[in-house]
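Chemist: Next up is a structure, given as structure tokens.
The values are calculated or read from the model by the stated rules, or taken from the named source; none is laboratory data. This structure is a prediction, so every number in the text was calculated from the model and none was measured. Please note: Cβ atoms are built from the backbone with ideal geometry, for glycine as well, and neighbour counts cover all protein chains shown. Just the protein is used for accessible areas: all its heavy atoms, side chains included, with ligands, DNA and RNA removed. Shrake-Rupley method; radii C 1.70, N 1.55, O 1.52, S 1.80 Å.
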Amino acid sequence: MRIGWWGGALLIGWAWLLSWDRGPSVSPVALSFASASGPEEAHACTGILQDSGALQAVLTAVSRYKTTYVILYSDDLGFSIESIEDPILLSLRVGVPAGTPAADLAQKHRLLRRVDYPATLAALRQAIIDVLARKIDATLLWAPLAGLLVIELDPGHRLSMLPLAESMPPPATFSSPSDSSAVSERVVRCRDEVQGTLEAYGVVPAELLAPPNSAGEIPASLEPPPENIEEARRGWDIYQTNCERCHGPDAISGGLAPDLRERVRRLTYAEFFQTVLQGRVEKGMPSWRGLLKPDDVRLVYQYIRARSAERLGPGRPS
Ligand code: HEC
């Protein structure tokens, strides 16, 4: 991996930077080897990350997105995330800055596959790198920080950012306006670049967004539901209406699509849930997001599992 000059500087340590973190602080002396890979295209924020005073000034000066948080994810996912309530998030690995308002949000929306990151600049930068490398699927971040970091990390614009409709307080370090002496011309230019970057990613400030419309009831857990023959019977209807034409009658492969009785034994419930909502559109499996509610997915799972275990015979369950 090539470590650019920002990278070198960051990897060494800005751990102390965000107030919610009490991590180790590292001497800035180490920054000197950061320029190893030579010059990169200059932009208004060049050098800001290495200059804690300027960084502080920039992030407190971003006014438009002060209470905005984003879900940042890779276009490689092949689908878009529609809101924090999108059930697809339940099956995705979502990076969460521990101990921040974003973590409370993750808790509230029961993001089950969350991956905690320390709320330090270096760790949150790593979260974005992990999204780009598909080690995680998405990450929650405070918008100004996300804007600043993607300038460096996502020159090819491979990431998408979904703003969360809920306004939340900024990380404590950046909540008070910086003293005017720190707001140099350089700071103003970088701040404008951060705001412009967020605009380019289509991020609408949280204050301007209407409250999200509910994406249906979110299941409390992605553990497989306990066996329930009554639910399995109801699942037959959903299967018949939506799945039978490809996966065949009675969940026996109709030739077009796999035999789900066999598949359901190999997939985890999370994988099943994700496959059904997300589909595999390029392979001919449609996405059922927006068409089936999480409850419906559970019922159809119950049906297929009951067929698989032969607790239900072929035909319409009596
Ligand atoms: C238009 C045809 C079609 C319909 C309708 C359809 N599927 Fe599929 N499904 C497919 C195909 C084709 C695949 C195989 C995709 C692949 O090769 O990865 C598939 C794969 C799957 C898989 C993944 C199997 C595995 O091995 O990973 C699951 C689970 C699944 N479908 C469930 C459903 C459910 C539940 C429904 C109804 C709500 C449904 N499908 C409706 C075509 C369909």
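Chemist: Only loop residues by DSSP count here, and only those with at most 14 other Cβ atoms within 10 Å; note down the trypsin sites (Lys or Arg not before Pro) in region 115-145 that meet that.
Modeler: R134, K135
Chemist: In whole Hz, with x marking every Gly and Pro, tabulate ³J(HN,Hα) for region 97-105 from phi via Karplus 6.51 cos²θ - 1.76 cosθ + 1.60, θ = phi - 60°.
Modeler: 3J(HN,Hα) across region 97-105, in whole Hz: x, 4, x, 10, x, 5, 5, 4, 5.
Chemist: If I model region 51-163 as equal point scatterers sitting on the Cα atoms and use the Debye formula, what is log10 I(q)/I(0) at q = 0.10, 0.12, 0.23 Å⁻¹?
Modeler: The Cα Debye sum returns log10 ratios of -0.26, -0.38, -1.42.
Chemist: Under 5 Å between amide H atoms, partner at least 5 residues away or on a different chain: which partners does M285 have, H built in plane at 1.01 Å?
Modeler: Result for M285 returns R280.
Chemist: Under a 1.4 Å probe, what is the accessible area of region 229-308 per residue, stated in Å²?
Modeler: 50 Å²
Chemist: Ignoring any ligand, DNA or RNA, what whole percent of the accessible area of region 229-308 comes from carbon and sulfur when the probe is 1.4 angstrom?
Modeler: Carbon plus sulfur share of accessible area: 50 percent.
Chemist: Quote the charge dipole size of region 229-308 about the Cα centre in Debye, to the nearest 20; the model charges only the Cβ of Lys and Arg (+1) and of Asp and Glu (-1).
Modeler: 160 debye
Chemist: Scattering from the C-alpha atoms of region 229-308 alone, worked out with Debye: what is log10 I(q)/I(0) at q = 0.11, 0.16, 0.23 1/Å?
Modeler: Log-scaled intensity ratios, in q order: -0.23, -0.50, -1.15.
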